[in-house]
1. Among 71-81, 26-36, what's the highest-first ranking by average C-beta atoms within 10 angstrom per residue?
2. Calculated FRET efficiency, residue 151 and residue 109, Cβ-Cβ r, R0 22 Å, to nearest 0.05?
3. Calculate how many DSSP beta bridges within segment 140-202 are antiparallel, expressed in % of all such bridges and rounded to the nearest 5.
4. Please provide three numbers in whole Å: the alpha-carbon extents of the chain along the principal axes, with the largest listed first.
5. Arrange 45, 85 by Cβ neighbour counts within 10 Å, fewest through most, would you?
6. Once both axes come from the Cα atoms, what is the angle between helix 255-288 and the longest principal axis of the chain, in degrees from 0 to 90, rounded to 10?
7. For 283, 213, what ranking results if the residue with the fewest other Cβ atoms within 10 Å of its Cβ goes first?
8. Calculated FRET efficiency, residue 338 and residue 279, Cβ-Cβ r, R0 30 Å, to nearest 0.05?
Ligand SMILES: [Zn+2]
């Protein structure tokens, strides 16, 4: 016996009495239910059966299973009371309705079909069969959808044969098998095959807000805030803008200019810092060379390699020991022969070689002294 889907007859029913038909290890099968089983991009319902938590609802082996951690306390034939987690259900009824309106409007206003959708807790995505989408087009759809939501169109569902359904002129041809198909119509806006649950009138979906898009495979995925999420997203973003405005001491409309000025200043200061470090590096090389440890970034020594023999070691921002060698290929070969002993890696070409080491700066210095100074003395 299959479960009677009362969630279709009355999607607004929050409580219902039913009878246990089967007790499985993972949950219960009932004679009828208000719990929507996961499908069509809509998550399965949660709630309680006789006060015991239902963590989800799924189709399994042809049955609708109310998932529970401990269903063993129930018995076949038992009368039980169902209560939906209405916040969860209503959120996805709104999301699903908003998704139909967005996808339907992209199709009717711009001729762009939808290839996939995803409904999340606080946003939804509609993946479009197009390579690019400009903001103006998305905003046009956003305005049309919000206008239609406020016009409070009726949302209804009916079951038809495949031929009848196709004759209705659906947005997308029907992919599911079976004799019949459920068609969901948002009066004057959209008509499509769908097994989900929706609000009864579009105004209940709440306004939607376009958040942006991203490329995915060869398509564009648009991201939308819906229902209460549209307002919480706006509040979050307003708070972020307010904080940026405070930190930059700039009015909202001047934030971008203030950031551009900061970036310009940073670039000028970075260039000056690099120059100063290069000058310091030259001083260190002249006063301390040819072997020493520095607290300057080793890049500061890179332009100083002019064939002179020197070895500088230092520690980078992550605490790794780095080294830089000025000299010819024969000198580098002498170092390379000792690489394994000191955990050294690296390379380059004359007159500059660089890399990292697995030992301390002092040990590296000792090695460098022995190789450079002995050679110089010899
Ligand atoms: Zn739907």
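1. Details: 71-81: 13.1, 26-36: 22.9.
Descending packing order for the listed peptides: 26-36, 71-81.
2. Numbers: r = 15 Å, r/R0 = 0.69.
Efficiency, rounded to the nearest 0.05: 0.90.
3. Details: 12 of 12 bridges.
Antiparallel: roughly 100 percent of the beta bridges in segment 140-202.
4. Rounded to whole Å, the extents work out to 98, 54, 42 Å.
5. Ranked by crowding around the Cβ, least crowded first: 85, 45.
6. 30
7. Working: 283 9, 213 23.
So the residues, fewest neighbours to most, are 283, 213.
8. Details: r = 32 Å, r/R0 = 1.07.
Efficiency for this residue pair is about 0.40.
All of the numbers you see were taken from the coordinates with simple rules; none came from a lab. Fair warning: this is a prediction, and the values are worked out from it, not measured in the lab. All Cβ positions, even for glycine, are placed from backbone atoms using ideal geometry, and neighbour counts span all protein chains on display.
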